[in-house]
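Student: Attaching a single structure in structure tokens format; questions to follow.
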Amino acid sequence: MEDPLESSADSSPTHSANHSAHTTHLPTNHSTKYLNLTDPSNPFRLDNGDNPAVILVTDLLTSDNYATWSRAMRRSLRAKNKLGFITSAIPRPTKPEDPLLEIWERCNDMVVSWLQNSISPAIKSSVVFVDVARDI
């Protein structure tokens, strides 16, 4: 979901080359802070209002509105601290024993649901079997 509108004229820290100000990059050896799901800044935290039926944007994605839909969706995901699931800044843990794997999968499934809920039926049929948010 590369958004040309957001990346072109915005020089704020969120859009800088390193994306360090607001993008979450998980260290290779993540600390237990990512397991603290009570921390509001934790990208793995899901609040009570976060559920698969939530619709994050008012206009469904159609073949004619990708730029505006993408901008609105990115803002919504950033507000929920889940943008990293579509930008690969929050990668899937690779080791089965990683305690974050199940948490990552739960959050990824939530983001996939939010994305699919915001896509018109004609387009949704082409992404209904996609399991990873960044692949949508």
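Student: I'd like the full set of residues that are of a type in the set (D, E), loosely packed, with under 14 Cβ neighbours inside 10 Å and not in a loop (DSSP other than H, G, I, E, B), limited to the stretch 79-108. Before you say what the answer is, go through the steps one by one.
Tutor: At the first step, the residues of the stretch 79-108 found to be of a type in the set (D, E) are 97-98, 102, 105.
Cutting the leftovers down to loosely packed, with under 14 Cβ neighbours inside 10 Å gives us 97-98, 102.
Result: E102, single match.
Student: Within the bounds of the stretch 94-106, is there any residue that is in contact (Cβ under 8 Å) with a residue 24 or more places away in the chain, closer than 24 Å to N48 by Cα and under 13 Å from the mean Cα position of the chain (by Cα)?
Tutor: Pass one, the stretch 94-106, residues in contact (Cβ under 8 Å) with a residue 24 or more places away in the chain: 99-100, 103-104, 106.
Next, from what is left, pick out any that are closer than 24 Å to N48 by Cα: 99-100, 103-104, 106.
Then keep just the ones that are under 13 Å from the mean Cα position of the chain (by Cα); that gives 104, 106.
Yes, there is a match, as at least one residue in the stretch 94-106 is in contact (Cβ under 8 Å) with a residue 24 or more places away in the chain, closer than 24 Å to N48 by Cα and under 13 Å from the mean Cα position of the chain (by Cα).
Student: Something else now. I'd like to know if the stretch 73-80 contains one or more residues that are basic (K, R) and modelled with pLDDT under 95.
Tutor: Initially, the stretch 73-80 is screened for residues basic (K, R), giving 74-75, 78, 80.
This time we only want the ones that are modelled with pLDDT under 95, so: none.
No, the conditions are met nowhere in the stretch 73-80.
Student: Please specify each residue of the stretch 109-133 satisfying the condition of being touching a residue at least 40 places away in the same chain (Cβ under 8 Å) and crowded, with 19+ Cβ neighbours inside 10 Å. Talk me through it step by step, then tell me what you get.
Tutor: Let us first name the residues in the stretch 109-133 that are touching a residue at least 40 places away in the same chain (Cβ under 8 Å), namely 109-110, 113-115, 117-120, 122-123, 132-133.
If the condition is that a residue be touching a residue at least 40 places away in the same chain (Cβ under 8 Å) and crowded, with 19+ Cβ neighbours inside 10 Å, then M110, W114, L115, S118, I119, A133 are the ones that fit.
Student: Is it the case that L56 is in contact with a helix residue (DSSP H, G or I) (Cβ under 6 Å, 6 or more places away or on another chain) and within 19 Å of W114 (Cβ to Cβ)? Give the derivation first.
Tutor: On the way: in contact with a helix residue (DSSP H, G or I) (Cβ under 6 Å, 6 or more places away or on another chain): yes; within 19 Å of W114 (Cβ to Cβ): yes.
Spelling it out, L56 is indeed in contact with a helix residue (DSSP H, G or I) (Cβ under 6 Å, 6 or more places away or on another chain) and within 19 Å of W114 (Cβ to Cβ).
Student: Does the stretch 62-73 contain at least one residue that is closer than 20 Å to I136 by Cβ, within 12 Å of the chain's Cα centre (by Cα) and β-branched (V, I, T)?
Tutor: Within the stretch 62-73 (the criterion being closer than 20 Å to I136 by Cβ, within 12 Å of the chain's Cα centre (by Cα) and β-branched (V, I, T)), the answer is no, since none of the residues qualifies.
Student: Can you work out which of the residues in the stretch 13-70 that are part of a helix (DSSP H, G or I) and at pLDDT below 50 is surrounded by the fewest Cβ atoms within 10 Å (Cβ to Cβ)? Even if it seems obvious, please write down each step before you answer.
Tutor: Filtering the stretch 13-70 for residues part of a helix (DSSP H, G or I) gives 13-15, 32-35, 66-70.
Right, trim to at pLDDT below 50 and you get 13-15.
On the way: P13: 12, T14: 14, H15: 16.
The qualifying residue surrounded by the fewest Cβ atoms within 10 Å (Cβ to Cβ) is P13.
Student: Check whether at least one residue in the stretch 42-49 is within 17 Å of V127 (Cβ to Cβ) and hydrophobic (A, V, I, L, M, F, W, C), and report yes or no. Give the steps one after another, and end with the answer.
Tutor: Quick first cut of the stretch 42-49, residues within 17 Å of V127 (Cβ to Cβ) only: none.
No, the stretch 42-49 has no match at all.
The values are calculated or read from the model by the stated rules, or taken from the named source; none is laboratory data. In this text the structure is predicted, and so the values were computed from the model without any measurement. Neighbour counts are summed over all protein chains in view; Cβ atoms, including those assigned to glycine, are modelled from backbone coordinates with ideal geometry.
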